[in-house]
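Q: To start, I am sharing the structure in question, which I have written as structure tokens.
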Amino acid sequence: MTAFTIGFRTSLQAAALAALCGTLMLHASYVRAGASNIDEHAAHRAAASSALQIAKAEYEVPDVTLEDEHGRPIKLRQILASDQALVVNFIFTSCATVCPVMTATLLQLQRELKDAYPAPRYISVSIDPDYDSATILNDYAKRFHADWTFLSGERESVLAVLRAFDAWRGGKSNHVPLTLLRRPGETQWTRVEGLTSARRLAELWRDGAG
């Protein structure tokens, strides 16, 4: 073993030890600071780092009326229980972690599927109805140059939707990155749980794999 190899391994061990010490010190600082300083997006980051889960699923769409980003009433069952092509995700506008990534991914997916016929309709459902009014959703859509439908509504109606699509984890800080794809004429959805690329979503859309 050369002196270079020994020195390199020693450097790696020192770096690992420093990282471990830093992690322990950070954890200790959280404990001292108390619950008020706990990272409310920790669950987001954990979900983002988890393995991608892809499955086929059928859902019973609740008969509720939501409101789009222009304040117009939308009967959800007329859209999501129809046979039209759909891409649906779940976000909230004050999210600073996975939601902007998911919105950017949908923008790219639109470009990936620009030649798809029929083109899917894109819908983002807010999981934070207490804050995400039509005006706020409209501002969010403009900020990202997103030209699809954003939905919110009365809390109980939104919760009914989230539970129906197994997208509710007890609160917005436990938000799971979830995208649902359904090709025209199909009854099953392709459920994609976790963060992935627009290219991968486009592949799933084209081949219908689940």
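Q: Along Cα→Cβ, 7 Å out, is where each label goes; now give me the distance between the ones at R169 and N138 in nm to one decimal.
A: 3.2 nm
Q: Extending each Cα 7 Å along its Cβ direction at L159 and S82, get the distance between those two points in nm, one decimal.
A: 2.9 nm
Q: Whole-Å semi-axes of the range 63-210's equivalent ellipsoid, largest first, each the root of 5 times a Cα gyration tensor eigenvalue?
A: Numbers: eigenvalues 96, 57, 47 Å².
So the equivalent ellipsoid measures 22, 17, 15 Å along its semi-axes.
Q: Per residue, how much accessible surface does the range 162-210 expose to a 1.4 Å probe? Answer in Å², no decimals.
A: On the way: 2060 Å² over 49 residues.
Spelled out: the 1.4 Å probe surface of the range 162-210, per residue, equals 42 Å².
Q: Carbon and sulfur: what percent of the range 93-193's accessible surface (1.4 Å probe)? Don't skip to the answer; put the middle values down first.
A: Values: 2110 of 4390 Å².
It is 48 percent, rounded to a whole number.
Q: Continuing with this model, one more query. In Å, what Rg and Dmax follow from the Cα atoms of the range 54-122?
A: Calculated on Cα positions, Rg and Dmax stand at 13.8, 34 Å.
Q: Rounded to whole Å, give me the distance from the Cα center of the range 167-198 to that of the range 85-146.
A: 12 Å
Q: Would you please give the FRET efficiency between R206 and K75, computed as 1/(1 + (r/R0)^6) with r the Cβ-Cβ distance and R0 = 35 Å, to the nearest 0.05?
A: Numbers: r = 30 Å, r/R0 = 0.85.
With R0 = 35 Å, the Cβ-Cβ based efficiency is 0.75.
Q: Could you do me a favour and compute the accessible area per residue for the range 43-124, 1.4 Å probe, result in Å²? Can you show the working numbers first?
A: Values: 4010 Å² over 82 residues.
For the range 43-124, the per-residue accessible area is 49 Å².
The values are calculated or read from the model by the stated rules, or taken from the named source; none is laboratory data. If you're wondering where the values come from, they're calculated on a predicted model, not measured in any experiment. Every residue, glycine as well, gets a Cβ built from its backbone with ideal geometry; the counts of neighbours run over all protein chains shown. These area figures cover heavy atoms from the full protein model, side chains too; ligands, DNA and RNA do not enter into them. Shrake-Rupley method; radii C 1.70, N 1.55, O 1.52, S 1.80 Å.
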